[in-house]
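First comes the structure, then the notes that go with it.
What follows draws every value from the coordinates through simple rules; no lab data is involved. Note that the structure is predicted; figures quoted are calculated from it, not measured. In this analysis, Cβ positions are derived from the backbone assuming ideal geometry, glycine residues included, and neighbour counts consider all displayed protein chains.
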Amino acid sequence: MTYVDLETPEELVPQIVEMLSVAKDGGKVKKGVNETTKSIERRTAQFVVIAGDVSPEEVVVHIPILCKDSGIPYAFLATKKELGTAIGLEVGTSVVAVENAGGAAEKLQDIIKKLPKPEKK
C-alpha cells in the first residue's frame with residue numbers, strides 16, 4: 001500500500017469511527033472518490049478518511065496529495081468495509097470527506113490534534 005503515507009495511531013481508530021458515525025447524522029459527509037475529490041478541491045472538506053485496502057490503489061492515490069496541497073487533515077482506516085460501516089453504509093467505501101462534523105465537531109478537532117503530520121515531499 002504505497003498511498004498510505006502516514007500511520008493512523010491505533011487509539012484514534014475508534015474515535016474516528018465514532019466521529020464519522022455522529023457526523024453522518026448531524027453534519028455533512030461526502031462519500032466516494034469523486035465526491036471527496038470535489039470536496040477537497042472546493043476546500044469544503046474539514047477532514048478526509050481513506051481506506052487502506054483500496055485496489056487498484058490508483059483510484060485513491062491522488063487523495064493524500066490533494067489533502068496536503070490544500071492543508072486538509074486526513075487519516076486512514078484499515079478497510080473499505082470499516083469506513084462504509086462507520087457512515088452507515090451496507091457496502092464499503094474507499095474514501096469519505098467530512099464537510100461538517102455536526103455534533104462531532106469537538107471530537108474532530110481532538111482527532112486532528114492527535115494525528116501525525118504528513119511528510120512534505
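Picking from K38, K107, K31, K68, which residue would you name as being within 10 Å of the chain's Cα centre (by Cα) and either more than 18 Å from Y3 (Cα to Cα) or in contact (Cβ under 8 Å) with a residue 40 or more places away in the chain (or both)?
K31
Got a sec? Which of P64, P116 is loosely packed, with under 14 Cβ neighbours inside 10 Å and in contact with a Pro (Cβ under 8 Å, 6 or more places away or on another chain)?
Only one candidate qualifies: P116.
Based on this model, can you work out whether K113 counts as closer than 15 Å to L12 by Cα, charged (D, E, K, R) and part of a helix (DSSP H, G or I)?
In short, yes.
Kindly provide the set of residues from region 41-55 that are farther than 16 Å from A86 by Cα and either of a type in the set (G, A, S) or without any contact (Cβ under 8 Å) to a residue 40 or more places away in the chain (or both), ordered by number.
Listed by number, the residues that qualify are E41, R42, R43, A45, S55.
Just give me the residues in region 65-94 being under 18 Å from P116 (Cα atoms), touching a strand residue (DSSP E or B) at 6+ places or on another chain (Cβ under 6 Å) and of a type outside the set (A, V, I, L, M, F, W, C), in sequence order.
Within region 65-94, P73, Y74 qualify.
On the basis of being in contact (Cβ under 8 Å) with a residue 24 or more places away in the chain, surrounded by 12 or more Cβ atoms within 10 Å (Cβ to Cβ) and touching a Phe, Trp or Tyr at 6+ places or on another chain (Cβ under 8 Å), does T8 make the cut?
So T8 passes the test.
Out of region 31-40, which residues are over 16 Å from G84 (Cα atoms) and either surrounded by fewer than 22 Cβ atoms within 10 Å (Cβ to Cβ) or touching a Phe, Trp or Tyr at 6+ places or on another chain (Cβ under 6 Å) (or both)?
Across region 31-40, the qualifying residues are T37, K38.
Inside region 88-98, can you point out the residues that are more than 10 Å from the chain's Cα centre (by Cα) and either crowded, with 19+ Cβ neighbours inside 10 Å or at positive phi (or both)?
Of everything in region 88-98, those that are more than 10 Å from the chain's Cα centre (by Cα) and either crowded, with 19+ Cβ neighbours inside 10 Å or at positive phi (or both) turn out to be G88, T93.
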